[in-house]
Amino acid sequence: MIRIRDLFVTLGDFTLKNANLDVSEGEYMVIVGPTGAGKTVLLESIAGLYPIRHGQVWLRGKDATRLAPERRGMSIVYQDHALFPHLSVRENILFGLKMRKVRTDEMAKSLRLITDLLGIDDLLERRTTTLSGGERQKVALARALCVQPDVLLLDEPLSALDPGTREAMQEELRRLHRSLRITTLHVTHDFEEAATLGERIAVIGEGEVKQVGPPEEIFRRPNSEFVARFAMSRNIFKGETFQAETGKRLFKVGQILFHVLDGHKDSNRAVVRPEDVVISLAEAPSNGGNVFSGEITQITDRGSTLYITVGLPPEITALMTRNAFRELGLTRGMKVKVFFEASSVHVFQA
């Protein structure tokens, strides 16, 4: 459906460098990365809004690199919605169809289909200035979808919403995609949002596409420190991988040895996700896993969960529910056991 090859775009001091990306027909792809990484530049370059220094954009097997934006069959929704305050909801939704001089009866049919799908029939005569954030977002989506685009582009569409509305809109976007199966590119800086919505995720940073894959792959098998840190792995270690005389593969961090299941001999980084680390006051199981003793050096409260950092050394952080934390009665300075499976250690070469 969409093929990006060696895309190179310069905007002021920022450069998008040799970006490559494939998006399948009907796929929901999320482009994620920190602020200033180049996510919106990539999205708007695909839409044809920026001149491309070199590289290609292919749409449905045809080179669209120099194709005008209005001929690419794309609709874009921004985080600020960009609705016309002087027009009613109905007029906002129909704006694109009127610009294309679509027949009145066809406009009415499209309007009815999209408002039924989004459940916003009762908003049609209202001004957009009277709508809530979630309602405005639905109207912006309706306007984008009413023209029946081949591709829907979403630029941080949920970032301005409160947590409850954001969660409801995530479910709305999932439902819309299941119904329409429209090819969608969704930009966000929120990794949890990306993992919730994306069939695949493209992580972008420093103007480069760092890794592309299903959420679980990005989450569990990052290919770089950048991706691991952005995916909140927290436990990232420098060391070396080698094979013991017993045949087991090990990763050495200082004087500590981690049992691992995979990894090239040149792998010099190890990642252990905090939710895979178990803290215990009793003896932890030793059936092929990693068991260490250490002292709690830091407790970080995140409301319903807490991050518990234990010095082995090195320091390793575990994610724990509040109930588990209370049951164990953990305090800073307490001696504890730390356990994680060999399968929870992902090693790679930096």
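Listed from fewest to most Cβ neighbours within 10 Å, the set LYS39, LYS101 follows the order LYS101, LYS39. Per-residue extension of 0.36 nm, minus the Cα-Cα distance of LEU49 and LYS101, leaves a gain of 16.4 nm for this segment.
Region 2-230: D in µm²/s via Stokes-Einstein (Kirkwood Rh, Cα pairs, 4 °C, 1.567 mPa s)? Display every interim value, and only then the final one.
Numbers: Rh = 18.2 Å.
Once the numbers are plugged in, D ends up at 71 µm²/s.
Available extension along the chain between GLU70 and THR246 is 57.0 nm, counting 0.36 nm per residue and deducting the alpha carbon span. Using the Cα coordinates of region 46-144, the gyration tensor eigenvalues translate into equivalent-ellipsoid semi-axes of 29, 16, 11 Å, sorted from longest to shortest.
Specify, per residue and in Å³, the volume enclosed by the convex hull of the alpha carbon atoms belonging to region 42-86.
Output value, Cα hull per residue: 95 Å³.
When the chain is treated as a GNM with alpha-carbon contacts under 10 Å, the residue of THR65, THR305, THR241 showing the greatest mean-square fluctuation is THR305.
Based on the Cβ-Cβ distance of ASP262 and MET334, what FRET efficiency does E = 1/(1 + (r/R0)^6) give at R0 = 25 Å, to the nearest 0.05?
So, using R0 = 25 Å, E works out to roughly 0.15.
The modelled label-to-label distance between THR15 and GLN298, using points 7 Å beyond Cα along the C-beta direction, is 3.5 nm. Here the spin labels are modelled as points 7 Å beyond Cα on the Cα-Cβ line, and at LYS62 and GLU275 they lie 4.3 nm apart. Angle of helix 133-146 to the longest C-alpha principal axis of the chain, folded into 0 to 90 degrees and rounded to 10: 60°. Antiparallel beta bridges, as assigned by DSSP with both residues in the chain, represent about 75 percent of the total such bridges. Dividing the summed -39500 (n - 2.57) terms of all DSSP H runs of n ≥ 4 by the residue count of the chain sets its mean residue ellipticity at 222 nm at -8000 deg cm²/dmol. What is the angle, in °, between the Cα long axis of helix 104-118 and the longest principal axis of the Cα atoms in the chain? Nearest 10 is fine, range 0 to 90. Helix 104-118 sits roughly 20 degrees off the main axis of the chain.
For ARG3 and GLU91, the FRET efficiency from 1/(1 + (r/R0)^6), where r spans their Cβ atoms and R0 equals 35 Å, is about 0.45. Of the GluC sites (Glu not before Pro) in region 227-283, the ones in a loop by DSSP (not H, G, I, E or B) with at most 10 other beta carbons within 10 Å are GLU245, GLU283.
Every number in this text was worked out from the coordinates using simple rules, so none of it is lab data. Only a predicted model underlies this, so the values are computations on that prediction, with no experimental measurement involved. Glycine gets a Cβ as well: all are built from the backbone with ideal geometry, and neighbour counts include every protein chain shown.
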